[in-house]
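I have placed the structure first, in the form of structure tokens, so that the comments after it can refer back to it.
Only the coordinates and a few stated rules stand behind these numbers; no lab work does. The structure displayed is predicted, hence computed values, not measured ones. Backbone-built Cβ (ideal geometry, glycine too); neighbour counts: all protein chains shown.
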Amino acid sequence: MPLAAVLCSCGGVIDFDGDGAADLVDCGVEDPTIHPNAPDPWGDGTDQNCNGIDGRDDDGDGVAGGNSGGPDCNDGDDTVFPDAPEECDAVDSDCDGTLTDGFDDLDVDGLPDCVDPDDDADGALDEGDCAPLDPGVFPGADELCNGEDDDCDGEPDPDEVDADGDGWRGCDGDCNDDDAAAFVGGPESCNGLDDDCDGYVPSNELDLDADGFTTCGGDCNDAVATIRPGGLEVCNRLDDDCDG
């Protein structure tokens, strides 16, 4: 091509290829498709816009942005680009599509715990959750028989406490948590109480004839009030005093 056909000099500025860019800033002085304002699609291996890389780089971090098809996921922030240092925050600094990058994410919601307002995903914000890392504990949760303050009201329910130290709590079935001798499966004593917490008192512990004595207490006939230990013997061929 004749030199005169492409050489343009305006005010002493030389533009050899006539692309509107002075040769001093044009990295392709002989190619009108290459100049600082040229479109520069990423991936073709050519630096059409003279920024030193293949593709457009608006934030100057040295990586072509998505506006030209490049891998920089935020071409308006020069701290965000592939392989950039990751911080524990809500920004995908290294453009790998994840915010966690080795940071703790208890509820696996994709947001690192350091910026997650609800780490355990129980619906209660950490600031009001008495156990922010336990999804089973939050204000309004159902109380479980575990001795813990599941509903965050400041203390476990009374029936979750083993008040008498017998190893059983009210929520476990202890029918009398003020008496260590009464618990589920406990031995029955001759006391008229439900010691084994099965819901009833054995009949031999009851004073059916109201004479002050029970069968287990030595009453040999709990259907007749005059027959009892120490009762008055009369001539009736009965063991009125239960001495055998």
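Data for the structure
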{"item": "Dimensionless Rg/Rh of the chain - Kirkwood Rh, Rg from C-alpha atoms", "result": "1.65"}
{"item": "Within a Gaussian network of the chain (alpha carbon springs, distance under 10 Å), most fluctuating of Glu30, Glu86, Glu160", "result": "Glu30"}
{"item": "Helix-only [θ]222 nm of the chain, DSSP H runs n ≥ 4, -39500 (n - 2.57) each, per residue, nearest 500", "result": "0 deg cm²/dmol"}
{"item": "Of Leu125, Leu24, Leu133, the one that fluctuates the most in a GNM where the chain has Cα springs shorter than 10 Å", "result": "Leu24"}
{"item": "Principal axes of segment 202-244: Cα extent on each, largest first, Å", "result": "32, 16, 14"}
{"item": "Ranking of Leu99, Leu106 by count of other Cβ atoms within 10 Å, fewest first", "result": "Leu106, Leu99"}
{"item": "Cβ-based exposure ranking for Val234, Val137, in which fewest neighbours within 10 Å come first", "result": "Val234, Val137"}
{"item": "Among Trp168, Val29, Pro132 - extreme Cα towards positive end, dipole of the chain, charges at beta-carbon", "result": "Val29"}
{"item": "Neighbourhood charge, 9 Å Cβ-Cβ cut-off, centred on Asp23 and excluding it, Lys, Arg +1 and Asp, Glu -1", "result": "-3"}
{"item": "Of Pro132, Pro156, Pro202, the one that fluctuates the most in a GNM where the chain has Cα springs shorter than 10 Å", "result": "Pro202"}
{"item": "Within segment 202-244: Cβ-based charge dipole about Cα centre, in debye rounded to nearest 20 (Lys, Arg +1; Asp, Glu -1)", "result": "80"}
